[in-house]
Amino acid sequence: MKVRLAPPRDLLVQDDAALLLYPSELIRLSGLGTAIVELTENPISIADLATALQIQFGNPEDLSIREATKAAVSTLVERGVLDVVEA
């Protein structure tokens with residue numbers, strides 16, 4: 001599966017936070033979400049995204065990096081921040 005950023009009308013990234021303006025909602029993301037937004041400007045596989053996040057943040061304590069990445073991506077897809085572009 002590959003995902004990419006669903007282009008917002010406007011995007012502000014400052015330090016480790018991001019504001020994304022969509023037609024019906026303003027979404028605020030902190031560290032991990034902001035990193036995912038920056039890494040998904042172009043389509044990226046979950047495996048490659050997990051590797052990039054592992055380099056940036058290290059390993060999560062209670063899940064594998066792949067499971068943690070899938071959970072974060074799932075939440076961002078539900079919120080309309082990410083689009084699934086390939087199965």
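Determine which single condition SER30 fails, assuming it passes every other condition in (1) under 14 Å from the mean Cα position of the chain (by Cα); (2) modelled with pLDDT of 95 or more.
For SER30, the exception is condition (2).
Considering only strands (runs of 3 or more DSSP E) fully contained in the chain, which possess at least 3 residues that are open to solvent by less than 50 Å² (accessible area, probe 1.4 Å)?
Output list reads 17-22.
Can you tell me which residues in segment 54-78 are in contact (Cβ under 8 Å) with a residue 40 or more places away in the chain and touching a Leu at 6+ places or on another chain (Cβ under 9 Å)?
ALA72, VAL73, LEU76
The values are calculated or read from the model by the stated rules, or taken from the named source; none is laboratory data. Small disclaimer: the values here were computed from a predicted structure and weren't measured. As a convention, Cβ positions derive from the backbone with ideal geometry for all residues, glycine included, and neighbour counts pool all protein chains shown. Remember, those area values only see protein heavy atoms, side chains included, never the ligands or the DNA or RNA. Shrake-Rupley method; radii C 1.70, N 1.55, O 1.52, S 1.80 Å.
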